[in-house]
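Undergrad: Structure provided below as structure tokens; questions to follow.
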Amino acid sequence: MEAPLLHLALVGTPNSGKTSLFNALTGSRQKVANYPGVTVERKEGFFVTPLGRQVSVVDLPGTYSLRGRSPDEEITRDFVLGKASGERMPDLVLCVADSTNLRLTIRLLLELKRTGRPLILVLNMFDIASRRGITVDVERLARELGVPVVTSIAVRKGGTTELLKLTDEISAKLDPEPQENTWRALSVAELRATQREADRIIADCVSLPSRPDTWTARIDAVVLHPVGGLLVLALILFVMFQAVFAWAQPLMELLNSGFDALGELVHDTLPAGLLQSFLQNGVISGVGSVTVFLPQIIIIFLFILLLEDFGYMARAAFLMDRIMGGAGLHGRAFIPLLSSFACAIPGIMATRVIDNKRDRLTTILIAPLMTCSARIPVYTLIISAFIPARDVWGFINLQGLVMFGLYATGIVSALLVSFLIKFFMLRDYAPAPFMLELPDYKMPRPKSIAIGIFTRAKMFLQRAGTTIFSMMVLIWFLASFPQPPAGATEPAIDFSLAAIIGKAIAPLLAPVGFNWQIAVALIPGMAAREVAVAALGTVYAIEGGKEAAEQIGQALATKWSLATALSLLAWYIFAPQCASTLAVIRRETGSWIWMATTFAYMLVLAYAASLLTYNVAVALGAG
Amino acid sequence: MTDDDDTRPHMPLGLAQRGYTGVIQHLSAKGTGSALPDIELESRLIELGFVEGARVEILHEGIVGRDPIAVRVDNITIAVRRREAMAIIVA
């Protein structure tokens, strides 16, 4: 008889190497979703034990205790207690410890024991501990704790063999009757007593060398230096953005010519007509124009994941805490805001690490002002069409300078908005505490990084394949129908639904210098910002034929004034044009009001910025 | 334990300079001005390893107002703001 699926849960403190153990156990057999009602990422993976038992394992959010002081930690507590809605109680809980740092995990384990769940203590990163001269009497530790203990090296092949063997042994004799749960929230005195007990057990079973990790101390001497540290941070950010723009270029050109060739192929094989136009202008040029940004998205996530894995992100938060505090932001907001440069959605989800509600709300409201990668297509297109590629002051590329200016404007406005929120709305503001473990540095694991990037790239492509694809079909349809009457001399698009809609909205946008083609492109841009580029491409392709589609940048340069182009750039710094971001804001804040607030304030800013830019540009003779 | 532990005056860790080393005597969350309720602050400090008898050393300070501070607590490093570190009484 086939044994039923065994349900495991991974619990541990932040930085315990829980996720790399999860990756080691499950490889790429992972499923990422959300827990119902909250945007806490639910990561489940599957594997088979040496004895052939099918296992599902859930990687629970890191926590120092079961008190549950943030939505993440509540999930961990409820899941272990079997109270999380729609979740079954785990058969076996793996409590994961960083072997170099057992104090906090042993205390957590003593608390977990009270839940009555079967437990295994996994001493992870055991190799690093051995290298530092830390020795653990594993048998004695197991005896004193009354819990099976196993060592593991998640990052090494075969490093989890012992754990798998033990899982088999224990799962074979699991008691079907769950033990009684005697856990309740600990009082301060109990907490202290538990920590004392943990410290006593550690003193008995673990011998610590006097030498700490010298590498971490050496790196921190530079990286956390009040002045030097900020310079290092600035340098890292500079390299990151340089990489996003410079390194990605060849790959993007490759993808671009690939899609062009595909379009050509369709154009040459199919007879001229609706189907040819649909495939070439609607599907291939539409989806292609978005997919080419995959290299940039991979690079930005590569940096973020590397820095996280290395242990630098916590340091960045430390350095920025008081500096951002001036604008009413918490140090921990730095990581979500940095992620927002890739995409506001993971950024907003990452605000869960901020446990104070008001700090979190402020961060969520300004996260969309960080220039996300979806704006890159729009910026790149317009800048390359309108800004000459010459050097200013001898060494700075003007196009790069404009790009930098757009990013800087986004950041400065975010800080201003945050300051205004602090000043006007959240008057009784008392800075929430900043308490964060600065983990020892670790070499990033290529496998973990690869899995992380793969998951994100997949999400991006799925989006390109679904949301963006359907929007492109819609745009193509609107731009193609109704067909022009026979013998008409004007471009076909002038007769289409798109033109009718665009011309209807155009008067509203005329003061900021947008024509009806831009108005048409802004509508599907609501689904995802980058679609605007594709939509402009489709509109002008159907209007101008194949040549225009190939050189949309040149087409724009002849059809728009510089003032219009600058105005559109200004619009995109602020425009709340991303339905998914708004949906995430609603979910994260649990309120339509904050979603509407974000939409409204960004729209007002966008319109005002464009109005100003356009009129100043026209006054300076760029109209 | 260094021999002057008994004679050194007790002081909040929040007032100590970079390079300070000492041993935690007790926690006193009252009147630190932290946004957290006293009990919550104390619980969190304990959860991060700030318990009586732990050795602490201030490793780094931030640039603005020498805040926050990076504190070595036994064998881990924790970043806290000075305001919260006022609850940690050391000598």
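Undergrad: Among residues belonging to region B:52-75 that are in contact with a Leu (Cβ under 6 Å, 6 or more places away or on another chain) and within 7 Å of chain A (Cβ to nearest Cβ), point out the one that is surrounded by the fewest Cβ atoms within 10 Å (Cβ to Cβ). Write out each step before concluding.
TA: Going residue by residue through region B:52-75, those that are in contact with a Leu (Cβ under 6 Å, 6 or more places away or on another chain) are B:60, B:70, B:72.
Adding the requirement that they be within 7 Å of chain A (Cβ to nearest Cβ) leaves B:60, B:70.
Details: B:60: 24, B:70: 22.
My answer is B:70.
Undergrad: Of A:310, A:301, A:341, which residue is among the aromatic types (Phe, Trp, Tyr), within 30 Å of residue A:262 (Cβ to Cβ) and away from chain B (no Cβ under 14 Å)? Reasoning before the result, please.
TA: Numbers: A:310 fails: within 30 Å of residue A:262 (Cβ to Cβ); A:341 fails: within 30 Å of residue A:262 (Cβ to Cβ).
After applying the criteria, what remains is A:301.
Undergrad: So, in region A:82-129, of the ones that are out of contact with any Ser or Thr (no Cβ under 8 Å at 6 or more places or on another chain) and part of a helix (DSSP H, G or I), which residue ends up nearest to residue B:72 (Cα to Cα)?
TA: Among residues in region A:82-129 that are out of contact with any Ser or Thr (no Cβ under 8 Å at 6 or more places or on another chain) and part of a helix (DSSP H, G or I), the one nearest to residue B:72 (Cα to Cα) is A:103.
Undergrad: With respect to the numbered conditions (1) farther than 25 Å from residue A:220 by Cα; (2) away from chain A (no Cβ under 13 Å); (3) crowded, with 16+ Cβ neighbours inside 10 Å, which one is the sole condition not fulfilled by residue B:9?
TA: (3) is the only condition that residue B:9 fails.
Undergrad: Let me ask something else. If residue A:348 meets every condition in (1) in contact with an Asp or Glu (Cβ under 8 Å, 6 or more places away or on another chain); (2) within 22 Å of residue A:307 (Cβ to Cβ); (3) not in a helix (DSSP H, G or I) apart from one, which number is that one?
TA: (3)
Undergrad: Checking the structure you have, find out if any residue of region A:312-330 is under 25 Å from residue A:459 (Cβ atoms) and without any contact (Cβ under 8 Å) to a residue 60 or more places away in the chain.
TA: Among the residues of region A:312-330, at least one is under 25 Å from residue A:459 (Cβ atoms) and without any contact (Cβ under 8 Å) to a residue 60 or more places away in the chain, which makes the answer yes.
Undergrad: Out of all the residues in region B:32-42, is one or more in contact with an Asp or Glu (Cβ under 6 Å, 6 or more places away or on another chain) and crowded, with 20+ Cβ neighbours inside 10 Å?
TA: First, the residues of region B:32-42 that are in contact with an Asp or Glu (Cβ under 6 Å, 6 or more places away or on another chain): B:34.
Now restrict to residues that are crowded, with 20+ Cβ neighbours inside 10 Å: B:34.
Looking for residues that are in contact with an Asp or Glu (Cβ under 6 Å, 6 or more places away or on another chain) and crowded, with 20+ Cβ neighbours inside 10 Å, one finds at least one in region B:32-42, hence yes.
Undergrad: If a residue must be touching a helix residue (DSSP H, G or I) at 6+ places or on another chain (Cβ under 8 Å), within 14 Å of chain B (Cβ to nearest Cβ) and basic (Lys, Arg), how many such residues does region A:51-98 contain?
TA: Selection size over region A:51-98: 2.
Undergrad: Could I ask something else about it? Is it the case that region B:72-91 has a residue that's assigned to a loop (DSSP other than H, G, I, E, B), closer than 27 Å to residue A:209 by Cα and at pLDDT 90 or above? Outline the logic, then answer.
TA: As a first pass, look at region B:72-91 and keep what is assigned to a loop (DSSP other than H, G, I, E, B): B:74-75, B:81, B:86-87, B:91.
Narrowing further to those that are closer than 27 Å to residue A:209 by Cα: B:74-75, B:91.
Subset that is at pLDDT 90 or above: B:91.
Looking for residues that are assigned to a loop (DSSP other than H, G, I, E, B), closer than 27 Å to residue A:209 by Cα and at pLDDT 90 or above, one finds at least one in region B:72-91, hence yes.
Undergrad: Additional query: Mind checking whether some residue in region B:25-36 is more than 9 Å from every other protein chain (Cβ to nearest Cβ), out of contact with any Lys or Arg (no Cβ under 8 Å at 6 or more places or on another chain), in contact (Cβ under 8 Å) with a residue 60 or more places away in the chain and not polar (S, T, N, Q)?
TA: yes
Undergrad: Can you say whether residue A:100 is in contact (Cβ under 8 Å) with a residue 40 or more places away in the chain and within 23 Å of residue A:345 (Cα to Cα), as far as the supplied structure shows? Steps first, answer last, please.
TA: On the way: in contact (Cβ under 8 Å) with a residue 40 or more places away in the chain: yes; within 23 Å of residue A:345 (Cα to Cα): no.
Against the criterion (in contact (Cβ under 8 Å) with a residue 40 or more places away in the chain and within 23 Å of residue A:345 (Cα to Cα)), residue A:100 does not qualify.
Undergrad: Would you confirm, using the coordinates I've provided, whether residue A:281 is touching a Ser or Thr at 6+ places or on another chain (Cβ under 6 Å) and of a type outside the set (Lys, Arg)?
TA: On the way: touching a Ser or Thr at 6+ places or on another chain (Cβ under 6 Å): yes; of a type outside the set (Lys, Arg): yes.
Yes: the conditions hold for residue A:281.
Undergrad: Here is a further query. Just one of the numbered conditions (1) surrounded by 24 or more Cβ atoms within 10 Å (Cβ to Cβ); (2) at pLDDT 80 or above is not true of residue A:374; which one?
TA: (2)
Undergrad: Taking the conditions exactly as written (buried (at least 20 other Cβ atoms within 10 Å of the Cβ), within 14 Å of another protein chain (Cβ to nearest Cβ) and under 16 Å from residue A:186 (Cβ atoms)), does residue A:115 satisfy them or not?
TA: Working: buried (at least 20 other Cβ atoms within 10 Å of the Cβ): yes; within 14 Å of another protein chain (Cβ to nearest Cβ): no; under 16 Å from residue A:186 (Cβ atoms): yes.
Spelling it out, it is not the case that residue A:115 is buried (at least 20 other Cβ atoms within 10 Å of the Cβ), within 14 Å of another protein chain (Cβ to nearest Cβ) and under 16 Å from residue A:186 (Cβ atoms).
The values are calculated or read from the model by the stated rules, or taken from the named source; none is laboratory data. This one's a predicted model, so the numbers in the text were calculated from it and none came from an experiment. Positions of Cβ are backbone-derived with ideal geometry, glycine not excepted, and every protein chain shown enters the neighbour counts.
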